[in-house]
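Just below is one structure, and these are the notes that go with it.
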Amino acid sequence: MKTTFIYKALAFAVMAVGTSSCVNDWLDQEPSTGVDAGSAVTTTADLESVRAGMYAALKGNSDLEDYYGRLMFIYGDVRGEDVQYNWIDGSGRGDFYYYMNYSTASNFNGNTPWQTPFVVLGRANYVIDYADGGTIADAEDNAATIAQYEAEAKVVRAMVLFDLTRIYGKPYTEDGGASLGAPIMTEPVADAGTNKPARSTVADCYVQIEKDLNEAVNSGALPEEKTQGYVNLWTAKALQVRVYMTKGEWGNALTVAEDIINNSPYQLWTTSEYASAWNKNNAAHTNEMILEMKITDATDWTDREGIAYTYADLYAAGAAKGYGDIMVTKTFSEEMASDPQDARNGILLKPAGDPSVYASYGSDFTEHGVFINKMPQPDANSSVAYSNVPLLRLSEVYLSAAEAAYNDHDPGTAATMLNAIITHRTTDATKTVTAGNVTLDRIYLERRKELVGEGQRYFDVLRRGETVTRYTDVNNRGWHDALSEEARTFNRDSKKALPLIPQSEMDVNKNMQQNSLY
C-alpha cells in the first residue's frame, strides 16, 4: 500500500539529491531528478538537476499522482456541483470525493493530496538551500541563473503550502486564519525519518506563503517572458492574486491582477481560437498559459494515471481515449448549451460510446457535451496523456479582477474585466454587462464556466461560504448517482467539508494534529 506520511515523502526529496536519475526508479523521468550525494551540489549544473527534480515531482507520475498529477484537479472539481464521477463505467479514479463515503482517516490514505506535495516542497527547499549555501564553485559566473532557480523554488514552495493550507485548513475568510492549516517546512531535512512536524495556523501559513512570493517577485530574478513549463514572474503574481482572493483582500488582488493584465506578455484567446488553443501544438496555446506542466514524451509525462487520461472518454477513437471517469453534470452541460454561440461549448465532447451503455443517464445523454477536453490529444499519433497540464491561465486573472473590483465597490472595473472574458468567449453581444447591472452571481457563473475542469470550483465555494447543491430530489437528479444526503448538498460548515489527515501520517507522527470533523 502506498505510504503517505511526511517523513517518507521527505525521504523521497532526499533521494532526489542523493540518487542520480538513472537509478531513481521510483520517479523514472527525465530530466534528471538529482545528483550524487557524495559530491553534493558544487556547480550550477548540479543545482539545475535538483531544480529539474522539483518540477518532475510537481508534474508527477503513477507513483506521485496525488497532487497535480491527478488528485488536485479531482478534489477541486468533483467536490463541486459542475463536475461529477461517471458512475456507469468509471474506473474508480474519480469517485472518492463524489460519494463522500468516508468516515475515518484511513479512508484518506492515497485519496487526498498529501505525499507528493511534501516531495515537491522538500525538493524546493534543497534548491533554496544550495543556492544560498556557498558550495557552488561557479556561483560568481552564474549568479543570475542561481538567483532565478532560487526564486522559482520559493514560488513553488509557496504554491505547495498554499494548496495544503486551503485543503486541510478552514478558509481564512471564515475565522481569520485562527484554525490549523499545514506544517510549515522551510529547511531541507537531512534525516527525513526524524522529522515529525506539527501544523501551523492558517494565518501563519499565509505569512510564509506571502513572504516567499514577495521575495521571489522582488528579487528581480524571475524572467518576464513566457517560459513554458517553468515558473516566471507572472506565475508568482498570478499566485499572489489567488492568495489575496482566498484571504478576501480585494484591493491587493485587483492591483496585482491589473499589473498582469496590463504588463504581461499574455493575452486572452479569442472565440475563434478557444476550442483549439487547448492543444499544446496550436499556435495560440501559450497566449493564455501562465503556468502549465509541459509534457514531452513517454519519459516526461504524468502517464495513464494522470488527469488528462482520467478526463478523456473511454470510448474515444484510438489514442484519444482515456478512462472517462470525470464528466460535467447535466445542469452544467445545459447551462453551457443555453448559449450556442459560447466557444466554451467546444471543449465539452459528446460521448463516443454506444448509447445503450449510458441508458441509465437518460435517452438524451449522448446528445450533450459531457467530457472535458482541456487536455486534448496533441496529434493523431499521440496519447491524450501527452497533453500539457494547465495550472494558471490569464482568464482566471481577469475573473479574479472582476470579483475583486466588485467587492472593492468598483462596479465599472468589474464590468470591464468581466466583459473582456464574455466578448472573448461568445459572439452574442447581448451577454455583456454594464456597471449598472453587473452582479457577483454573474461573475461567479462566468468563473464556473471558464474554469471547469481546472480544479478551482470547490476552493471558490470554501472562500465564499457558498453551498454546493448537486441535486435535491429525483426531479433534478440529472446524471447523478443516488447520493447520500450529506453528499447532495453541503457547505464549509458541513462535517465533511475538509479532509482528515491520512491515517498513515497520524500513526507515525505524534505531533500531527487531526481535523476534528467526524
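Annotations for the structure displayed:
- Of all residues in the stretch 266-273, none satisfies being modelled with pLDDT of 95 or more and not in a loop (DSSP other than H, G, I, E, B).
- Residue selected from the stretch 436-454 under the condition among the basic types (Lys, Arg) and touching a residue at least 60 places away in the same chain (Cβ under 8 Å), by the criterion most open to solvent (accessible area, probe 1.4 Å): ARG448
- Of TYR309, TYR315, all but one fail to be among the aromatic types (Phe, Trp, Tyr) and open to solvent by 50 Å² or more (accessible area, probe 1.4 Å); the exception is TYR315.
- Tally, over the stretch 17-43, of residues that are crowded, with 19+ Cβ neighbours inside 10 Å and either modelled with pLDDT of 55 or more or hydroxyl-bearing (Ser, Thr, Tyr) (or both): 5
- Checked against the criterion of being in contact with a Pro (Cβ under 9 Å, 6 or more places away or on another chain) and within 28 Å of TYR67 (Cβ to Cβ), the candidates SER383, SER387, SER400, SER395 yield just one match: SER387.
- Of all the numbered requirements in (1) in contact with a helix residue (DSSP H, G or I) (Cβ under 7 Å, 6 or more places away or on another chain); (2) in a helix (DSSP H, G or I); (3) under 30 Å from ASN281 (Cβ atoms), ALA216 misses one, and that requirement is (3).
- Number of residues in the stretch 347-377 that are open to solvent by 40 Å² or more (accessible area, probe 1.4 Å) and not aliphatic (A, V, I, L, M): the value is 10.
- Test set (1) modelled with pLDDT under 95; (2) farther than 22 Å from ARG488 by Cβ; (3) touching a helix residue (DSSP H, G or I) at 6+ places or on another chain (Cβ under 8 Å) - TYR68 fails condition number: (1)
- Residue within the stretch 342-356 that is over 24 Å from the mean Cα position of the chain (by Cα) and closer than 30 Å to ILE261 by Cβ present: yes
- Residue list for the stretch 46-64, filter: crowded, with 24+ Cβ neighbours inside 10 Å and assigned to a loop (DSSP other than H, G, I, E, B): GLY60, LEU64
- Test: ASP204 is part of a loop (DSSP other than H, G, I, E, B) and surrounded by fewer than 22 Cβ atoms within 10 Å (Cβ to Cβ): no
- Residue that is nearest to VAL243 (Cα to Cα) [pool: residues in the stretch 177-189 that are open to solvent by less than 50 Å² (accessible area, probe 1.4 Å) and either aliphatic (A, V, I, L, M) or part of a helix (DSSP H, G or I) (or both)]: ALA182
- When THR235, THR255, THR331 are screened for being within 20 Å of the chain's Cα centre (by Cα) and either part of a helix (DSSP H, G or I) or surrounded by fewer than 23 Cβ atoms within 10 Å (Cβ to Cβ) (or both), only THR235 passes.
- Positions within the stretch 271-294 being under 18 Å from LEU348 (Cβ atoms) and among the small types (Gly, Ala, Ser), in sequence order: SER272, ALA275, SER276, ALA277
- Qualifying residue in the stretch 284-301 (condition: among the polar types (S, T, N, Q) and open to solvent by less than 10 Å² (accessible area, probe 1.4 Å)): no
- In this structure, TYR406 does not qualify as under 29 Å from LYS226 (Cβ atoms), open to solvent by 20 Å² or more (accessible area, probe 1.4 Å) and either within 24 Å of the chain's Cα centre (by Cα) or not aliphatic (A, V, I, L, M) (or both).
- Hits in the stretch 455-512 - residues which are over 25 Å from the mean Cα position of the chain (by Cα), of a type in the set (Phe, Trp, Tyr) and open to solvent by less than 10 Å² (accessible area, probe 1.4 Å): TRP479
- Residue within the stretch 420-432 that is charged (D, E, K, R), open to solvent by less than 10 Å² (accessible area, probe 1.4 Å) and in contact with a Ser or Thr (Cβ under 8 Å, 6 or more places away or on another chain) present: yes
- Scanning the stretch 148-176 for residues that are part of a helix (DSSP H, G or I), open to solvent by 40 Å² or more (accessible area, probe 1.4 Å) and within 25 Å of THR116 (Cα to Cα) returns GLN148, TYR172.
- Test for ILE167: is it over 18 Å from the mean Cα position of the chain (by Cα) and of a type in the set (Val, Ile, Thr): no
- Residues of the stretch 92-117 classified as open to solvent by 50 Å² or more (accessible area, probe 1.4 Å), small (Gly, Ala, Ser) and closer than 11 Å to ILE501 by Cα, total: 1
- Among the residues here, THR416 qualifies as out of contact with any helix residue (DSSP H, G or I) (no Cβ under 7 Å at 6 or more places or on another chain), more than 19 Å from ASN345 (Cα to Cα) and surrounded by 13 or more Cβ atoms within 10 Å (Cβ to Cβ).
- Selected residue (only one of PHE118, PHE162 is touching a residue at least 60 places away in the same chain (Cβ under 8 Å) and under 29 Å from VAL328 (Cα atoms)): PHE162
The values are calculated or read from the model by the stated rules, or taken from the named source; none is laboratory data. A quick note: this is a predicted structure, and the numbers were derived from the prediction, not measured. Please note: Cβ atoms are built from the backbone with ideal geometry, for glycine as well, and neighbour counts cover all protein chains shown. Remember, those area values only see protein heavy atoms, side chains included, never the ligands or the DNA or RNA. Shrake-Rupley method; radii C 1.70, N 1.55, O 1.52, S 1.80 Å.
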